[in-house]
Amino acid sequence: MSSELGYHSMLAVALAEARLGLKEGGIPIGAAIFDETGQLIGAGHNRRVQQGDPSVHGETDAFRKAGRQKSYRKLIMVTTLAPCWYCSGLVRQFGFGTVIIGEVTFITNAALTSWQCSNSFSPSMGRTRKNSIPAAIQSALKITLSWSSRSG
């Protein structure tokens, strides 16, 4: 699997989850977890509004749906928006080896920017190791801005 092609496909899954959350009337943030071969393990979206539960972020929903894993070191967490402190803690505590972030400029003080995951990839961050994914960034930003303008 080519990393760049794989990252495009992985982010598309997270974006589909974000769109589903928006359609449900919730916050449009999606996430997905993949193994090192690119196989989907779990996907989810922010359900804080829908379920009235402040702990159901996109990353935690995907994490719960992935079920218990022997190890998280080789798993890839993909999220449409930079993880908050809560979700960054989850990534850190369970030792995800790679984090793919679709968009990080909307929330400028995102927790993930304060620590380095061994293989972090974000097209809009300075420490990216791959080529950017402009269409994916635009989709993630468009969904997020659309939601924020409706709720503000």
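In straight-distance terms, cross-link reach from Lys70 covers every one of the aspartates and glutamates whose alpha-carbon lies under 17 Å from its own, apart from those fewer than eight places away in the same chain; here that gives Asp35, Glu36. For Val13, the solvent-accessible surface with a 1.4 Å probe is about 50 Å², rounded to the nearest 10.
The values are calculated or read from the model by the stated rules, or taken from the named source; none is laboratory data. Quick caveat, the model's predicted, so the values are computed rather than measured. Accessible surface areas use protein heavy atoms only, side chains included; no ligands, DNA or RNA. Shrake-Rupley method; radii C 1.70, N 1.55, O 1.52, S 1.80 Å.
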